[in-house]
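Report on the following structure.
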Amino acid sequence: MGKIEPLGRRFFWVKSTGNIVAQRSEMTAGIESTKEEDFEVYIELKPYDPEAIEMTTFEPGQYAEDFAQAKSWMFDPETGKILFVYPDPTDPETPQEPQQPLTDQVTALKTENESLKNRVSDVEMTLTEILFS
């Protein structure tokens, strides 16, 4: 028997389209199941060939802010990564394109910002050496 532990969100999605056909919400405690076990339990999965369905499980709390802010989500069938559709704060009714999780975008921007700061610092040091040598 498995260990009782917090469980993250789990999604079952069509490999060819990225559309989600079944999902499990986060749970404060539970025993992790296998894809095969879930196919026996989830009614939504019965019509599908298990080979046509991908299963993705997130850590508890992973993308919590994205799930709270987004209107919907799906998976990119080419990369297998989750995509979110966020409402436009100025025009919530206008459909938006799915995009990477904002938390991932912020992390990437922070990394890029640090890299640019280091490059600016290197340029400043080089200029200082040139000017005062």
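Things to note:
- Cβ-Cβ under 7 Å pairs, at least 6 apart or on other chains, the range 5-21 side over 18 Å from TYR63 (Cβ atoms) and open to solvent by 10 Å² or more (accessible area, probe 1.4 Å), far side modelled with pLDDT of 95 or more and acidic (Asp, Glu): LYS15/GLU54; VAL21/GLU44
- Among residues of the range 97-110, those that are part of a helix (DSSP H, G or I) and open to solvent by 90 Å² or more (accessible area, probe 1.4 Å), counted: 2
- Just one of (1) modelled with pLDDT of 95 or more; (2) under 18 Å from VAL21 (Cβ atoms); (3) surrounded by 14 or more Cβ atoms within 10 Å (Cβ to Cβ) fails for LYS81. It is (3).
- Enumeration of residues in the range 44-78 that are loosely packed, with under 11 Cβ neighbours inside 10 Å and either within 20 Å of LYS15 (Cβ to Cβ) or aromatic (Phe, Trp, Tyr) (or both): LYS46, PRO47, ASP49, GLU51, GLU78
- Of GLY80, GLY61, GLY2, GLY18, all but one fail to be part of a loop (DSSP other than H, G, I, E, B), within 30 Å of GLU93 (Cβ to Cβ) and out of contact with any helix residue (DSSP H, G or I) (no Cβ under 8 Å at 6 or more places or on another chain); the exception is GLY18.
- Residue selection: THR94 fails the criterion of being assigned to a strand (DSSP E or B) and of a type in the set (Val, Ile, Thr).
The values are calculated or read from the model by the stated rules, or taken from the named source; none is laboratory data. Just so you know, these numbers come straight off a predicted model, no measurement behind them. Ideal geometry is used to build each Cβ from the backbone, glycine not excepted, and the neighbour counts take in all protein chains shown. Protein only, heavy atoms only, side chains kept; ligands, DNA and RNA dropped before computing areas. Shrake-Rupley method; radii C 1.70, N 1.55, O 1.52, S 1.80 Å.
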